[in-house]
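Here is the structure we will look at.
The values are calculated or read from the model by the stated rules, or taken from the named source; none is laboratory data. This one's a predicted model, so the numbers in the text were calculated from it and none came from an experiment. All Cβ positions, glycine included, derive from the backbone under ideal geometry; neighbour counts span all protein chains shown.
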Amino acid sequence: MDHDLMLVLLFMGSIWLTILLIMYYLYGPPSLRKRPAYTAPIALSVPRRPLAQKLSQALTISGYRVRTNEPFGPYVISLVIPQYKIAIDLMENPFSRSSWEMMKVKKKKHFFQCKGWTLLHVSEHQLNRELGKVIKKIQREIS
């Protein structure tokens, strides 16, 4: 009887020891926890893209004052024309967006509309092939 009791206690003790080790690893001292790598704030880490620079130069030549990589609420916008409350969001490939990403785009557009701003989406393809049309589209929004 004492031998069976010892085996049960030994088995229960090993289970508790395993649970305690797992809990210590998950919730123990910070040195054992996995920490996310530090990332700079978005506004500081977004490089100035050549496409944004190309459109910025074209708009500046057309007589508009443009700011690039402008933080706006929770977002960072590629180009902003503050005088006319127009934000221009540059997209790499608008056709490869999933429904979840499209929902985020709609939420972003709604956020800007609530603040009284117009959000325009311009694709890489449009900038490379139809820069004149993009400028005219922006001028139409202004007038």
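Details
Every residue, every condition in (1) in contact with a Phe, Trp or Tyr (Cβ under 6 Å, 6 or more places away or on another chain); (2) charged (D, E, K, R); (3) at pLDDT below 85, yes or no:
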| site | (1), (2), (3) |
| --- | --- |
| Pro71 | no, no, no |
| Ile88 | no, no, no |
| Asn93 | no, no, yes |
| Trp100 | no, no, yes |
| Lys104 | no, yes, yes |
| Lys107 | no, yes, no |
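- Flag: Lys133 does not match the condition of being within 16 Å of the chain's Cα centre (by Cα) and not in a strand (DSSP E or B).
- Unique residue being surrounded by 14 or more Cβ atoms within 10 Å (Cβ to Cβ), out of contact with any helix residue (DSSP H, G or I) (no Cβ under 8 Å at 6 or more places or on another chain), in the same structural domain as Ser62 (by TED's automatic domain parsing) and under 18 Å from Glu70 (Cβ atoms) when the list is Lys137, Lys109: Lys109
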